[in-house]
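A.B. asks: One structure, as structure tokens, below. Some questions next.
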Amino acid sequence: MSNKLIAGNWKMNGSLAANEALVKAMLAGIGQPSAEVALCAPSPYLAQLQSLLQGSPIAWGSQDVSAHEQGAYTGEVSVGMLKDFGCRYAIVGHSERRQYHGETDELVAAKAQRALSAGVTPIVCVGETLAEREANETEAVVKRQLAAVIHTVGHCITEIVVAYEPVWAIGTGKTATPEQAQAVHAVLRAQLAAATTNSKRVHILYGGSMNAANAATLLAQPDIDGGLIGGASLKAADFLQIVAAAA
Ligand code: PGA
């Protein structure tokens, strides 16, 4: 495994002024990180991130991408547009999009493929709800979600990033224990290994209330290759501590 990857997911937060202050504070403290670092912002702010982060050690990305190349899809953002603004990553299949926008496994897989077609790395989110965990369905759910992507992107599977985000841990302050997270990451790694000889190349991130206090133990697990950070990516000091914990 190469360096760990720490990606911030700002969700629907920010403003021109707040973003500038946040990014400048991050850049002032980041130095030369030994982890890869990225920030995923709402689409209107991608141009701002491009100008603030160009030439810095922090990459940037979107929180979604259209499955379509271009055309009559009002409200959608194409991967070509993301490329125009220098995006390196696109989150796809975040549980908030699966839940509030009815995104299916097939749509998420199509979005991942569309991102790959333009050289943008999809960060494919998978994860079970609390009800699914309590019904012992965690493994089946995450495998079904990842299988759709493997099926659609074929040998390009080595180019994706996977993020395991238990829905019950997102924004709740309830983090999966390192053992719970590692167990699911091992399942995902085995599934990737069955699809490619290069499964170790794929970063599998943990997401769900990762913060400055719990990052180090989560990131010490053998199959946790980084983090997808929501709330804590809105505070420069917390985010930088997570980046430092990934060294
Ligand atoms: P959280 O969000 O860190 O605020 O739990 C993670 C995510 O949704 O990506």
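The values are calculated or read from the model by the stated rules, or taken from the named source; none is laboratory data. Note that this is a predicted model, so its numbers are computed, not measured. Quick reminder, even Gly has a Cβ in these numbers, built from the backbone with ideal geometry, and neighbours come from all protein chains shown. Heavy atoms of the whole protein, side chains included, go into the accessibility calculation; ligands, DNA and RNA do not. Shrake-Rupley method; radii C 1.70, N 1.55, O 1.52, S 1.80 Å.
A.B. asks: Considering only region 13-32, I want to know if a residue exists there that is part of a loop (DSSP other than H, G, I, E, B) and surrounded by 21 or more Cβ atoms within 10 Å (Cβ to Cβ). Give the steps one after another, and end with the answer.
C.D. replies: We begin by selecting, within region 13-32, every residue part of a loop (DSSP other than H, G, I, E, B); these are 13-15, 31-32.
Still in the list and also surrounded by 21 or more Cβ atoms within 10 Å (Cβ to Cβ): none.
No, region 13-32 contains no residue that is part of a loop (DSSP other than H, G, I, E, B) and surrounded by 21 or more Cβ atoms within 10 Å (Cβ to Cβ).
A.B. asks: I've got another one for you. Here is a list: Val141, Val124. Which entry is among the aliphatic types (A, V, I, L, M) and assigned to a helix (DSSP H, G or I)?
C.D. replies: Values: Val124 fails: assigned to a helix (DSSP H, G or I).
The conditions single out Val141.
A.B. asks: OK, next. With within 16 Å of the ligand (Cβ to nearest atom) and either open to solvent by 50 Å² or more (accessible area, probe 1.4 Å) or within 22 Å of Ala17 (Cα to Cα) (or both) as the only criterion, which of Gln70, Gln54, Gln99 stands out? Steps first, please.
C.D. replies: Details: Gln70 fails: within 16 Å of the ligand (Cβ to nearest atom); Gln54 fails: within 16 Å of the ligand (Cβ to nearest atom).
None of the others qualify; the one that does is Gln99.
A.B. asks: Note down all Cβ pairs under 6 Å where the first residue falls in region 223-247 and is under 15 Å from Ile123 (Cβ atoms), the second is away from the ligand (no atom under 14 Å from the Cβ) and open to solvent by 10 Å² or more (accessible area, probe 1.4 Å), and they're at least six residues apart or on different chains.
C.D. replies: Partner pairs satisfying both residue conditions: Asp225/Met1; Asp225/Lys4; Asp225/His203; Gly226/Lys4; Gly226/His203.
A.B. asks: Now for a separate question. Among the numbered criteria (1) over 30 Å from Thr152 (Cα atoms); (2) among the aliphatic types (A, V, I, L, M); (3) within 16 Å of the ligand (Cβ to nearest atom), which single criterion is violated by Ile6?
C.D. replies: That leaves (1) as the condition not met.
A.B. asks: Looking only at region 210-229, how many residues end up being surrounded by fewer than 22 Cβ atoms within 10 Å (Cβ to Cβ) and within 15 Å of the ligand (Cβ to nearest atom)? Before you say what the answer is, go through the steps one by one.
C.D. replies: Going residue by residue through region 210-229, those that are surrounded by fewer than 22 Cβ atoms within 10 Å (Cβ to Cβ) are 211-214, 216-217, 220-223.
Remaining after also requiring within 15 Å of the ligand (Cβ to nearest atom): 211-214.
Residues flagged as surrounded by fewer than 22 Cβ atoms within 10 Å (Cβ to Cβ) and within 15 Å of the ligand (Cβ to nearest atom) within region 210-229 amount to 4.
A.B. asks: How many residues does region 73-96 hold that are surrounded by 24 or more Cβ atoms within 10 Å (Cβ to Cβ), more than 16 Å from the ligand (Cβ to nearest atom) and in a loop (DSSP other than H, G, I, E, B)?
C.D. replies: 1
A.B. asks: On to the next question. Please verify whether Thr158 is within 14 Å of Pro122 (Cβ to Cβ), of a type in the set (Val, Ile, Thr), in a helix (DSSP H, G or I) and open to solvent by less than 30 Å² (accessible area, probe 1.4 Å), treating the condition exactly as stated. Step through it out loud before you land on a result.
C.D. replies: Details: within 14 Å of Pro122 (Cβ to Cβ): yes; of a type in the set (Val, Ile, Thr): yes; in a helix (DSSP H, G or I): yes; open to solvent by less than 30 Å² (accessible area, probe 1.4 Å): yes.
So Thr158 passes the test.
A.B. asks: If Arg144 passes every condition in (1) within 18 Å of Leu205 (Cα to Cα); (2) free of Cβ contacts under 8 Å to residues at least 40 places away in the same chain; (3) open to solvent by less than 30 Å² (accessible area, probe 1.4 Å) but one, which one does it miss?
C.D. replies: Only one criterion in (1) within 18 Å of Leu205 (Cα to Cα); (2) free of Cβ contacts under 8 Å to residues at least 40 places away in the same chain; (3) open to solvent by less than 30 Å² (accessible area, probe 1.4 Å) is unmet by Arg144, namely (3).
A.B. asks: If you don't mind, there's one more thing I want to ask. Taking into account only those residues within region 1-29 that are touching a Pro at 6+ places or on another chain (Cβ under 9 Å) and closer than 24 Å to Ser199 by Cα, which is modelled with the lowest pLDDT?
C.D. replies: This residue is Asn3.
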